[in-house]
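All of the numbers you see were taken from the coordinates with simple rules; none came from a lab. Everything quoted here is computed from the prediction, not taken from an experiment. No Cβ is skipped: glycine too gets one built from the backbone with ideal geometry, and neighbour counts run over all protein chains shown.
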Amino acid sequence: MPFPSPHRLLEVSLAALTLVQYGFANPYPGPLPEDGMAVARDMPEHQASIPFLGGEDMLFPDDLELDTNEESNNTLQYGRCYKIHADGQWLGSDHQAWGYYIFGGYSNSRTFQVCRLMTSCQRQNTQDQEVRDRGNLYLWDFRGNQYSRNGEFVANNNLNHFFPAGTTWRNYAYFEATHEDCEEITNPRDTCYINLVLRGQASNNNGIEVRANNYLYNAYNGKSVTLQFRRVKCPLD
């Protein structure tokens, strides 16, 4: 087998570099699932009018102070920002380009804003922002990933990972929240325990699970996760 010429090696190297710099990786390890291209109906073509950080060189807003509001309201609120935890672990991301969500230490946790719609996080013209029992919400991730450096809403692939949306991979996760136990709250800034499932998946697989590897996954119907949300300051407060 002849050894490739230096010129050919240079061509291959340049092609690989171009792919790394300008190509977009497929966040799903296999054929595109039917949910992979679905776009939420209330999302404008380019971006929702949600506050975001304007430069990739800015410090990521994940090391935020706790919300110092003395209010002891343990309900989930539209427009507020939270870190999400369960069983002593915090929801963050791995170090892959797509930033797949995984539970781990606090230092790797991410900050999420609870949004009623993708065009407006809060109810309009009212102080009442409580997420009702079996209410719906989106989660805005201020950090995003390599393909959404200004932040994005949480998305997912059919029976696979959750991640910040990016490029054409915008199957946004529309959650339903059910209120559970409020008697064992140990931190005044935690919500009651909240059970989450998905709603409206094109595949009709609306379950959620945390697998043995601590990654958050879309699952078959009947599976759900129970979490708590801890109030923190929003990055632009």
(request) Filter the chymotrypsin sites (Phe, Trp or Tyr not before Pro) in segment 77-140 down to the DSSP loop ones having no more than 16 other Cβ atoms within 10 Å, then list what survives. (result) none
(request) Within segment 118-180, report the trypsin sites (Lys or Arg not before Pro) that DSSP leaves as loop and that have at most 16 other Cβ atoms within 10 Å. (result) Arg123, Arg132, Arg134
